[in-house]
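The structure appears right after this line, and notes come after that.
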Amino acid sequence: MVHPEDRARVDSALSAAYLDGLYDVEFRIVRPDGKIRWIHETAEVCRNEIGRPIRLLGVTVDITKRKRLETTLRQKQAGELERLKQVADALPVLIAFVDEDQRYRFVNKCYEDWFGHPREAIVGRHLREVLGEDAYAAIQPHVEAVLTGGRPHFEALLPYKDAGPRHVSVQYIPNTATDGTVSGFYVFVEDISERQWAEQSLRESEALYRTLAEATPDLVWIAAANGKVQFVNSRWTAYTGLTLDQFNASGWEALYHPDDRAQLADRWATAAKAEVPFEAEFRCRRRDGAYRWFWGRAVPLKDSSGRLVKWIGTSTDITERKGAEERQRLLTREIDHRAKNLLTVVLSILRLTRAKDVESFVAKVESRVMALAQAHSLLAEGRWHSADLSRLLEEVLAPYRMGVGGISISGPPTSLTTIASQSLALALHELATNAAKYGALSDPKGRLAVTWRIVDEGLILTWTECGGPAMAGAPERYGFGITVVTTSVEQQLKGRVSFEWRQEGLRATLRIPSAYLAGTEAALLTDAASQPKIQHSADAIAELTGRRILVVEDEPLIAMVIEDALADAGCSVIGPASTLPEALALADSEKLDAAVLDRNLGGVSTAPLAMLLRERGIAFGVVTGYTESDLQAEFVDAPRLAKPFEPGALITLLSRVVISQSTPAL
């Protein structure tokens, strides 16, 4: 639109603006209808944080009338003052002629309106008298410039004496004779207060939104209607490590987690097409390559006509919230698993307890369940990470402190893992029960000393009785209680138990590996679905008779129930194995017909064992608290029995496993 004769001058003004920060030029434009208009453009250069010019913030004013007036004044100065006065009075700008002595010789009606004096009271007076000392001091350099032939054009906030402070755009044009002398100058003053206020408001608004964008902990961005990002706050840059130019070059997809990209692309396309707010949860890559969860929101910004002009978006870090939700989910599964596992242990106690009558049976079951409850109370205090050994002994021995010669416990501060706490609680309970029936705790003169020490290999606990009934040596066969002690320590904890049946009393030594001391263990998470009872038949037992079955289970009482059920069905039990390395070794070295696996051994998945069995063509069943949706791929097509279970259901399950030995799916 720039008139061809003015293009070079406009280009020159733009080039100068990039250096000194100000753009000020008058030029002609050619409208589409062919008409020519004069415009005056002033602008300020805005720069980014490294000083690079990024935009011009300015105003364009149509000055065609003023230019015409300037021309008219020059051409018609002589003989046409009256007509020019009428024209000047019609224009909303201050127009005057000032002589070389700086006295007004002509003013238009706007002077009357501004200063509140008739023009006759202004004409003939000095600039200083009309404008006031402060305003005159501000314009004096420009007056001196125009009287020497210059054409000053400036903007300023002038404190006029009678008109008050005003933002004005002022231009002085010298009246030059043919010999070059200046006899005076023309004055053109435009009130630009409203424009200045608008520009100031715009600057303040921009400063406000930038301050808000920098103050928020969110990642803030602004994009054009087509999605190209135009602004990001410093937190966004600090998190991603990308400048705005780098980001626009790489695109959004480079920051999203690969698993989230398709979903986000669909949601954004839907929101952009409908021009409605966008919301989504996604993972965004940090500058170090790590991903964090964010909740992203974007709202469309439209103009007064409803046209989309921008998108304003924020991304809020919700990693901690997602972690809390996951911890809550895991806690729910943990509680469910522990409840089902505990029920399975209690059922095992019921099945394995032997008694002469109902009263004795109830008493034995109650005491063993109470021993478990004591261990669970201590574990709850330790948030299911550990239990104090001294507290555990105090709880187990508290009922026996009255009526005996003395009970002493001593040893260094020691914490036990969850598995060790439950197993040792049952073992110590059985030792105490045995002592109360046959040993030191059955006699008022009896004494019991429990001591322990920590060595490189782990914990060595010594149970020493004396002062009770004299012992005639080791019993001919061990009862259930001693079996529980041995099974709990040796099978589940991979420790060792030794008994010395001395005449003065029993001495038992329990050795627990260091892996079960003062450590944490992985949570065993289950969400078991109930499973209908299945009764085994004679055909099922016939299928299992003589079969070699690998048993993998880390809970000793549950392992004992499985072992007894398989023995009753005529199977040869390999194991039970309570750790993954032990189970892998047995599977690799033994000839097996089938296997029954726990899904999880102390927080360690048995998936590697399942893979090994499949490679060797050995079918297996799974006894677990996990639902099918929670199982890994290695287990999903294997027959599954949910805890707690009945021995009959176990026999039926294993008969199905053996029968399916030749099934391709297994």
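Here is a yes/no grid of residues against (1) surrounded by 11 or more Cβ atoms within 10 Å (Cβ to Cβ); (2) more than 60 Å from the chain's Cα centre (by Cα):
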residue: 149; (1), (2): yes, yes
residue: 152; (1), (2): yes, yes
residue: 166; (1), (2): yes, no
residue: 178; (1), (2): no, yes
residue: 191; (1), (2): yes, no
residue: 211; (1), (2): no, no
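To keep it simple, each residue is scored yes or no on (1) of a type in the set (Lys, Arg); (2) open to solvent by 30 Å² or more (accessible area, probe 1.4 Å); (3) over 30 Å from residue 234 (Cβ atoms).
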site: 3; (1), (2), (3): no, no, yes
site: 17; (1), (2), (3): no, no, no
site: 33; (1), (2), (3): no, yes, yes
site: 63; (1), (2), (3): no, no, yes
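Under 6 Å between Cβ atoms, which residue pairs at least 6 apart in sequence (or on different chains) link something in the stretch 145-164 that is in a helix (DSSP H, G or I) with a partner that is surrounded by 16 or more Cβ atoms within 10 Å (Cβ to Cβ)?
Correct list of pairs: 145/152; 146/152; 146/172; 146/174; 146/185.
Here's the yes/no breakdown for (1) among the polar types (S, T, N, Q); (2) under 30 Å from residue 59 (Cα atoms); (3) at pLDDT 85 or above:
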residue	(1), (2), (3)
205	yes, yes, no
214	no, yes, no
251	no, no, no
255	no, no, yes
259	no, no, yes
268	no, no, yes
278	no, no, yes
286	no, no, yes
294	no, no, yes
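Could you please give the count of residues in the stretch 542-585 that are more than 27 Å from residue 420 (Cβ to Cβ), of a type outside the set (A, V, I, L, M, F, W, C) and not in a helix (DSSP H, G or I)?
So the count comes out to 6.
If residue 338 passes every condition in (1) open to solvent by less than 80 Å² (accessible area, probe 1.4 Å); (2) basic (Lys, Arg); (3) more than 22 Å from the chain's Cα centre (by Cα); (4) at pLDDT 80 or above but one, which one does it miss?
So the condition that residue 338 fails would be (4).
Taking the options 261, 267, name whichever one is basic (Lys, Arg), under 14 Å from residue 297 (Cα atoms) and surrounded by 13 or more Cβ atoms within 10 Å (Cβ to Cβ).
Testing whether each residue is basic (Lys, Arg), under 14 Å from residue 297 (Cα atoms) and surrounded by 13 or more Cβ atoms within 10 Å (Cβ to Cβ) leaves just 267.
Pull up the stretch 564-589, narrow it to residues that are at pLDDT below 85 and of a type outside the set (Gly, Ala, Ser), then point me to the one that is least open to solvent (accessible area, probe 1.4 Å).
Applying the filter and picking the extreme gives 564.
Quick one: in the stretch 293-307, which of the residues that are open to solvent by 60 Å² or more (accessible area, probe 1.4 Å) and not polar (S, T, N, Q) is farthest from the chain's Cα centre (by Cα)?
The extreme case among them is 307.
Of all residues in the stretch 414-456, which are more than 53 Å from the chain's Cα centre (by Cα), touching a residue at least 12 places away in the same chain (Cβ under 8 Å) and in a helix (DSSP H, G or I)?
Passing the criteria: 434, 435, 436, 438, 440, 441, 442.
Against the condition not in a helix (DSSP H, G or I) and not acidic (Asp, Glu), how does residue 515 come out, does it pass?
no
Looking at the stretch 81-97, is at least one residue under 60 Å from the mean Cα position of the chain (by Cα) and modelled with pLDDT under 90?
no
In the list 191, 99, 134, 179, which residue meets the criterion of being of a type outside the set (Gly, Ala, Ser), touching a His at 6+ places or on another chain (Cβ under 9 Å) and farther than 17 Å from residue 70 by Cβ?
191
Filter the stretch 101-137 down to the residues that are among the small types (Gly, Ala, Ser), in a loop (DSSP other than H, G, I, E, B) and under 19 Å from residue 166 (Cβ atoms) and list them by number.
Scanning the stretch 101-137 gives 116, 132.
The values are calculated or read from the model by the stated rules, or taken from the named source; none is laboratory data. Owing to the predicted nature of the structure, the values given are computational and were not obtained by experimental measurement. Glycine gets a Cβ as well: all are built from the backbone with ideal geometry, and neighbour counts include every protein chain shown. Ligands, DNA and RNA are excluded from the accessible area calculation, which covers all protein heavy atoms including side chains. Shrake-Rupley method; radii C 1.70, N 1.55, O 1.52, S 1.80 Å.
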